[in-house]
Ligand SMILES: [Zn+2]
């Protein structure tokens, strides 16, 4: 009698453990352009379409989906007990708007050969910084908006400069006066502070960990330097109109490594009259 109770109790514990090892929680919209945070049992391995994803010791991770991501994504969780769970994520397809911008300086619409060399060099510098794979965990917290103002550009829109179609816009544009403060949307470390890139002018990148970074474009100045640790809400830069810009605004971009994601999927737009 007492022996059968012991077996029964042991059975329950094993069942409980195997259910916990299968736990998978995702936070964020499942759509193209989204940054999605997740939780699995500590010690689990996570793979997205077969590629390993970095996981914290307590089982937290983050995924990013680009503008035109495949709508079906395979997520695999290998639990510490050896069990394996395969889940197909179905992303919502997004509809992007077309935005026409006229009066942009001609040299930035069709750059010369000499400018092209500089553009390529700067792109590879930015790419390298966005490959940063640190163990910072700023990406786990809630993000705040880095500036206050009217939204004048959104993620994913197809841009047409002086009548010529160009690559889509990947940031959120926030209209703000030159010199207005830009604050860190989450904790992190400054990984790039370049005063004069060809397209993006004054450019600052903050690493939030696990491949998640924020990039701020067209700045007029910096309040921080490369390597500096910042806390959410710290002043990091000043709004400007440098690079390919038609007026003072902040262009805020977010990446998961090289994948460009929509900041709006992490920090929903403040409602009118209630900007941070
Ligand atoms: Zn922009």
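The values are calculated or read from the model by the stated rules, or taken from the named source; none is laboratory data. Everything numeric in this text was worked out from a predicted model, so none of it was measured. As a convention, Cβ positions derive from the backbone with ideal geometry for all residues, glycine included, and neighbour counts pool all protein chains shown.
Observations, loosely collected:
- First in region 171-186 and farther than 24 Å from residue 156 by Cα, second anywhere and away from the ligand (no atom under 16 Å from the Cβ) and outside any loop (DSSP other than H, G, I, E, B), Cβ under 7 Å, 6 or more apart: 179/238; 180/238; 181/235; 181/238
- Selection count where residues are within 12 Å of the ligand (Cβ to nearest atom) and farther than 20 Å from residue 29 by Cα, scope region 249-274: 3
- Residue within region 176-197 that is within 20 Å of residue 103 (Cα to Cα), out of contact with any helix residue (DSSP H, G or I) (no Cβ under 6 Å at 6 or more places or on another chain), at pLDDT below 95 and assigned by TED's automatic domain parsing to the domain that holds residue 115 present: no
- For residue 190, the conditions (1) within 16 Å of the ligand (Cβ to nearest atom); (2) closer than 20 Å to residue 141 by Cα are fulfilled apart from (1).
- Test: residue in region 93-108 that is at pLDDT 95 or above and either in contact with a helix residue (DSSP H, G or I) (Cβ under 8 Å, 6 or more places away or on another chain) or at negative phi (or both): yes
- Within region 109-159, tally of residues that are farther than 23 Å from residue 193 by Cα, modelled with pLDDT of 90 or more and touching a helix residue (DSSP H, G or I) at 6+ places or on another chain (Cβ under 8 Å): 1
- Of the residues making up region 261-276, those that are surrounded by fewer than 22 Cβ atoms within 10 Å (Cβ to Cβ) and either within 28 Å of residue 36 (Cβ to Cβ) or at pLDDT 95 or above (or both) are 264, 265, 267, 268, 269, 270, 271, 272, 274, 275, 276.
- Condition met for residue 206 (within 12 Å of the ligand (Cβ to nearest atom), in a strand (DSSP E or B) and within 19 Å of the chain's Cα centre (by Cα)): no
- Residue in region 219-238 that is away from the ligand (no atom under 12 Å from the Cβ), surrounded by 21 or more Cβ atoms within 10 Å (Cβ to Cβ) and not in a strand (DSSP E or B) present: no
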